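Asker: The following block contains the structure, expressed as structure tokens.
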Amino acid sequence: MYNGFRLVGKLQSIGEQRLLQRLALENILGSYARGVVSFLDVGVGDGRELDLLMGSKNVAQRIGTLTALDIDDWFTHAIDDLPNLSRMTKRIRFVLGHAENLLTIAEKSSFGVVHCSFLCHELAFGEPKRQAVSACFDAIVPGGFLLYADAFLDNEPSKNPVTERARRDEVASLYRHYLREAQDCRDSGDLSEEHFNELCGDATGLGLLSSMEAAVKAEDDYYEPLGRCVDRLVNAGFVRLRVLPNSYNKWLYVIVAEKPTEGK
């Protein structure tokens, strides 16, 4: 699955998204007066985004233990090719599992920072999304932080066919934006023709084109409005939310949310 998408970091908007997350994480860790922080990555995938976060010395030296969660083990097979994480292997624990069932494999209030990137749009609306966010909240220590990144639409699923058509058109627009970025990367030489084809995919291979088709056809999952996500985070108990927009892609945002200290 990740063979083509390992190249997604070549896209300017994804590079901006990863930079926003790293800067936000550096600021989060600066909020801790001293000591090291336990870190959980929910939906780590192949680890490339996490590796970039750990490329900051200000981050890596503050991480005591790092737990990585995903529904399949792409991560440990890729770690030897991830320079920053390969230096931290003694501090890393990989766990198979679903975000909604996080607390079956992690204790409450056990992580200073939980990172969740491009995961929740893959969860169905309603209870699965609520459970995942609630589990992240419960896993964070009082005064700890959630670092949350994803793509969001202006519209949400609707039984009105006209409204729903508009939402699906917006999904297609998001992916067309990615495809234009991929074409720009190919034209500038940042992506070879082979890698361009691998990232975009075709009728026989996974990639941006097949992801767009799946997202457009979906009826009860994938993307939601930013406001719906913010409301869910607030309802879970998070406070002092900061929403960071992506300057290259109007659908991408990074959210920093804090779990209140006890008694507040």
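Asker: Test of understanding: among Arg240, Arg228, which residue is out of contact with any Phe, Trp or Tyr (no Cβ under 6 Å at 6 or more places or on another chain) and either part of a loop (DSSP other than H, G, I, E, B) or farther than 14 Å from Lys129 by Cβ (or both)?
Answerer: Arg240
Asker: Identify the residue in segment 210-264 that is basic (Lys, Arg) and touching a strand residue (DSSP E or B) at 6+ places or on another chain (Cβ under 6 Å) and, among all such residues, is nearest to Gly144 (Cα to Cα). Outline the logic, then answer.
Answerer: Of all residues in segment 210-264, those basic (Lys, Arg) come to 217, 228, 232, 240, 242, 250, 259, 264.
Adding the requirement that they be touching a strand residue (DSSP E or B) at 6+ places or on another chain (Cβ under 6 Å) leaves 240, 242, 259.
On the way: Arg240: 12, Arg242: 14, Lys259: 5 Å.
Of everything passing the filter in segment 210-264, Lys259 is nearest to Gly144 (Cα to Cα).
Asker: Another question, if that's okay. Could you check, for segment 116-123, whether at least one of its residues is touching a residue at least 60 places away in the same chain (Cβ under 8 Å) and of a type in the set (Gly, Ala, Ser)? Break it down into steps so the answer makes sense when it comes.
Answerer: Pass one, segment 116-123, residues touching a residue at least 60 places away in the same chain (Cβ under 8 Å): 116-123.
Subset that is of a type in the set (Gly, Ala, Ser): 117.
Yes, some residue in segment 116-123 is touching a residue at least 60 places away in the same chain (Cβ under 8 Å) and of a type in the set (Gly, Ala, Ser).
Asker: With the condition being surrounded by fewer than 20 Cβ atoms within 10 Å (Cβ to Cβ) and at pLDDT 90 or above, I'd like the strands (runs of 3 or more DSSP E) fully within segment 90-183 carrying at least 1 qualifying residues.
Answerer: 92-96, 140-151
Asker: Counting just the residues of segment 10-47 that are surrounded by fewer than 15 Cβ atoms within 10 Å (Cβ to Cβ) and either in contact (Cβ under 8 Å) with a residue 40 or more places away in the chain or aromatic (Phe, Trp, Tyr) (or both), which one comes out nearest to Cys200 (Cα to Cα)? If you could, list the steps in order and put the result at the bottom.
Answerer: Taking segment 10-47 as the starting set, the residues that turn out to be surrounded by fewer than 15 Cβ atoms within 10 Å (Cβ to Cβ) are 19, 23, 27, 30-31, 33-36.
Remaining after also requiring either in contact (Cβ under 8 Å) with a residue 40 or more places away in the chain or aromatic (Phe, Trp, Tyr) (or both): 27, 31.
On the way: Asn27: 34, Ser31: 40 Å.
By that ranking, first place goes to Asn27.
The values are calculated or read from the model by the stated rules, or taken from the named source; none is laboratory data. Nothing here was measured: the structure is a model prediction, and the numbers come from that model. Here the Cβ is made from the backbone with ideal geometry for all residues, glycine too, and neighbour counts use every protein chain on show.
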